1. Could you say which residue among GLY185, GLY247, GLY199, GLY213 is closer than 22 Å to ILE112 by Cα, over 19 Å from the mean Cα position of the chain (by Cα) and either in contact (Cβ under 8 Å) with a residue 60 or more places away in the chain or buried (at least 20 other Cβ atoms within 10 Å of the Cβ) (or both)?
2. Looking for something under 20 Å from the mean Cα position of the chain (by Cα) and among the hydrophobic types (A, V, I, L, M, F, W, C) - is there at least one such residue anywhere in the stretch 161-175?
3. If you go through the stretch 79-87 one residue at a time, do you hit one that is surrounded by fewer than 17 Cβ atoms within 10 Å (Cβ to Cβ), in contact (Cβ under 8 Å) with a residue 12 or more places away in the chain and closer than 25 Å to LEU208 by Cβ?
4. Does LEU134 meet the test of being surrounded by 14 or more Cβ atoms within 10 Å (Cβ to Cβ), in the same structural domain as THR223 (by TED's automatic domain parsing), farther than 30 Å from LEU225 by Cα and in contact (Cβ under 8 Å) with a residue 24 or more places away in the chain?
5. What's the total number of residues in the stretch 55-99 that are in a helix (DSSP H, G or I), over 24 Å from the mean Cα position of the chain (by Cα) and not β-branched (Val, Ile, Thr)?
6. Please pick out the residue among GLY32, GLY38 that is surrounded by 12 or more Cβ atoms within 10 Å (Cβ to Cβ) and not β-branched (Val, Ile, Thr).
7. Cβ-Cβ under 6 Å, sequence separation 6+ or interchain: first residue in the stretch 158-176 and closer than 16 Å to ALA86 by Cβ and not assigned by TED's automatic domain parsing to the domain that holds TYR92, partner among the β-branched types (Val, Ile, Thr) and loosely packed, with under 14 Cβ neighbours inside 10 Å. Which pairs?
Amino acid sequence: MNKKRKIYIGFMCGAMIVCTALTAALVLFLMGYVLINGIPNISWELLSTKPSYLTERIGILPDILNTVYIVLATLVIVLPLGVGAAIYLTEYAKNKKLVAMIEYAAETLSGIPSIIYGLAGMLLFSNNFGTSLLAGALTLVIMNLPTVMRTTQESLKTVPQSYREGAFGLGAGKWRVIRTVVLPGCVDGVITGCILSVGRILGESAALLFTAGFAHALNGIFTGLTSPGATLTVALYVYAKEEGEFGVAFAIAAILMILTLLINLSATLVGKYFAKRRNV
């Protein structure tokens, strides 16, 4: 190896180390800055009460419940649609060109800015159901459907074809093979897609600003879905931008960051658990 080659390799290795160190430092700085400023502002009163302008009390309990409501409503709709579409495209569809077009459209939808989804949701859902958590949930269904569908598709493709052929050879029908052989073999991918969708729902704000509103009212799940309401991300925007309560905004940011870390950790652990179980 000549001298110039050694210098080039050394320079590239050094550049990659510097890039990695800068990326890690930036991520750690951002996480540390949010947590250091946010955790001291988290209190039981903040988490367990609703805001009151008469007593100048600030609470995020309605925002927490609204976040739970919108996550549940979105998952109830998007999981059957996404998993069902993935099963059809992978196991039943014969027209490969049509499948390729749908996959390309799904990948394109995944890259569209969320504020465009918010505008479309406002025109399609808010005008029909009013500004409400239901309109926000339906908008999030459209946003997360490509993710769930593509994740499930790729997971279905990892199941060996020999499993299907063996089940068919024993006389099992198409649906029975899918239900008893294919789906159990790819359940880790389905669950991972579900968990990642929850993470995206938790972090969404632009689309919900158009469709779900800013209200901090404390409602039950059915009343809440038909009423306007702010999720944690929207509440963060309101407290930071409109009311100047940066302590509360940092507290909400810390809560969201911790939830995101837990969700990503859960996705990793679930994937490893089912992969280990499948290899046993």
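The values are calculated or read from the model by the stated rules, or taken from the named source; none is laboratory data. Quick caveat: nothing in here was measured; it's all calculated off a predicted structure. A quick note on method: Cβ atoms are made from the backbone with ideal geometry, for glycine too, and the neighbour counts reach across all protein chains shown.
1. Numbers: GLY185 fails: closer than 22 Å to ILE112 by Cα; GLY247 fails: closer than 22 Å to ILE112 by Cα; GLY199 fails: over 19 Å from the mean Cα position of the chain (by Cα).
The match here is GLY213.
2. No, that holds for no residue.
3. Yes.
4. no
5. Of the residues in the stretch 55-99, 5 are in a helix (DSSP H, G or I), over 24 Å from the mean Cα position of the chain (by Cα) and not β-branched (Val, Ile, Thr).
6. The match here is GLY38.
7. Once the first residue is closer than 16 Å to ALA86 by Cβ and not assigned by TED's automatic domain parsing to the domain that holds TYR92 and sits in the stretch 158-176, no partner that is among the β-branched types (Val, Ile, Thr) and loosely packed, with under 14 Cβ neighbours inside 10 Å comes close enough.
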